[in-house]
Every structure is written in C-alpha cells, then in structure tokens.
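Remarks on the structure that follows.
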Amino acid sequence: MKKSSLIVMGIFLTLTFTGCTRGSSTSNAVNKPSQTVSDNAEAESLTENTTEEQTTEALVEKPTIVETEAEYNAEEAKKAFEESDIPDSIKNIFLSDGKFIDTQTQKEMKLSEYILYEIIYSYGEDYNAEEETRDEENECGVAEWCSYVIVDFDNDGKKELFYAFQPEISFHQGVIFHEHTDGKAYAYRHPSLRVNVSKDGDVLASAGAMYPSYLLRYGFDTEKIIETKITDHERQDNGEFKYYADGHEVDQAEYGTYLEHFWEKRLDWTEFRVTPDSDEN
C-alpha cells in the first residue's frame, strides 16, 4: 500500500458552524488504557489525514451545512421540531417552558435560567483534556439556540437532542439533552462543535491539529457524558501512528474505511432559532 500521511477532514468540522446564521469520562474499547477526557473547546481542526487518494476524495467531497443552507422559515422550523421523535420531556424545554437538570450544577431549571461557566482544562501528553474545572466567577447566558441534530447516541431506543447555540460571549457551543431512566431530561454541555454526528449515533472528533480524527460513542449518566472510542490512534517516537478500531490494531487503509463509512451516514443540522425569552419556550 502506498504510504502517505493521513489527510484530514477538519475542514468539515470548521465549516459546520461558521455562525448562527447559519463534563465527560472516557471508556476505551480499543486496546488502550482508560482515561478521562473532555471536549476540547480550543481544539484545532482535525488532522489532515487519510490513506489513499480515492479515500481522500470520498471523505472530503461532502456537502456542508453552509453549502446546503436554505432560506430559514420560522413557522416551518417550529412545526418540524414539534413533530420530531424526541421525548416530550426534551421537546417541552423549547416549546412549553419545560424544566431540565443542568449537569454542570445539578440544578433543575428552565431554558431562560441556563448559565454558561468558563471551563478551565488541564491537558495530558496526548493533548486530551484530563481534567476540567468550572470558573463560577466568569459566566454568561445563551443569546440564541440555533440548530440541532436528533439521534439515539446510546442505543437505548430514545433519541437525544444535540442543540448548537450562540453564547452571549464567545463562539458557538452545544448542549446534548438526554432523557434518563428517571424520566427527567438532563442537559450536558458540549463546549466543542468541531464534531460531526452520523445516523448511527457515532461522533467524529479530534484530539488536536497534529492528530488524526477518531470515532466515539456517547453514553450518559446523571452527571456527565461517557465516551467510548470506536477508533483511536497512538503516536510513535518516529512520528508515525498506530491505528486501532473495535479493539484491535488496524492499518491506515482500514482506519480510513471507518471514517469513510461515517461520512456516508453523516447527519445535517436542522435550523430552529430560539431565544431564551422568546415565545417559542
């Protein structure tokens, strides 16, 4: 096989959110030690890597939200959200002032009461965030909820709502709303939007600009998102990588196939604009 450095798909993740106009623990299932990581809001676009030229074309020549954006119709957007198949406990948060548990504070609240605290990360040698703390002296609210993805991340038969929003200060972020077994809706802050989601609930993410992208699965408890890696990589002393998928080592070509299959099932984001004090909630 022709040896070539993996070419990235980071351009997708960078283009996914160009504007509104448009806490987590990791369980590794790929022959690597378990470690605690958090979504890195400062992560660079994904490492520009793939295996073969044909694979590269298949991975990068995909439409983005910006390219497929249609004129926004508020009435149609609200109707689509009302008719969606997410649990009512989540739907009502945006339609009828429903309450949810904020996993940052473990407090029950309405959408208008949701506050963002600055997150401070500490990083390990692989540039994954090993620990996060909340700075309660620096906070802001949500200016507008922008667009969402609906998918069953954890395969429990109930779909989650991954909603992107524009903070009053700073760049776009996200929140995943999940209905737990107690019937209550929980909100999990997702600071980084440099991710894409597939119809299967897989998540494409990055460990930084110098590393290949990788696939995750999300699970949830009442405090945090639980991440399980489907694919992973390990940088060697010579600068090359070892690649892992589904618990065993694979070569570059097979690793690229996993990513190619992801892009075939990638979900587009659906626009539905809601301000915390609007009539929508």
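Take the solvent-accessible surface of the protein heavy atoms, probe 1.4 Å, and return the percent of it on the range 189-281 that carbon and sulfur atoms account for.
Whole-percent figure for carbon plus sulfur exposure: 41.
Obtain the nm distance between the two label points defined at Glu254 and Leu267 by a simple spin-label model: each point lies 7 Å from its Cα along the Cα-to-C-beta direction.
Rounded to a tenth, the inter-label distance reads 2.9 nm.
Taking R0 as 25 Å, what's the FRET efficiency between Lys107 and Glu82 from their Cβ-Cβ distance, rounded to 0.05?
0.40
What pairs from Lys79/Lys159; Lys107/Lys224; Lys107/Lys229; Lys184/Lys265 go past 25 Å between their alpha carbons?
Pairs exceeding the cut-off: Lys107/Lys229; Lys184/Lys265.
Residue by residue through the range 174-181, which ³J(HN,Hα) values in whole Hz follow from phi under the Karplus form 6.51 cos²θ - 1.76 cosθ + 1.60 (θ = phi - 60°), with glycine and proline marked x?
So the J values, rounded to whole Hz, are x, 9, 9, 9, 9, 8, 7, 5.
How many angstrom separate the Cα center of the range 70-121 from the Cα center of the range 235-281?
So the two Cα centres are separated by 24 Å.
Name the residues of the range 143-184 whose amide N is less than 13 Å from a point 7 angstrom out from the Cα of Lys99 along the C-beta direction?
184
So what is the relative contact order for the range 226-281, in percent, with contacts set as C-alpha pairs under 8 Å and at least six apart?
Reported as a whole number, the value is 18 percent.
How large is the accessible surface per residue of the range 164-242, computed with a 1.4 Å probe and reported in Å² as a whole number?
Ligands and nucleic acids excluded, the figure is 37 Å² per residue.
The values are calculated or read from the model by the stated rules, or taken from the named source; none is laboratory data. Worth saying up front: this structure is predicted, and the values here are computed from it rather than measured. Virtual Cβ from ideal backbone geometry, glycine too; neighbours counted across all protein chains shown. These accessible areas exclude ligands, DNA and RNA; they are computed on the full protein's heavy atoms, side chains included. Shrake-Rupley method; radii C 1.70, N 1.55, O 1.52, S 1.80 Å.
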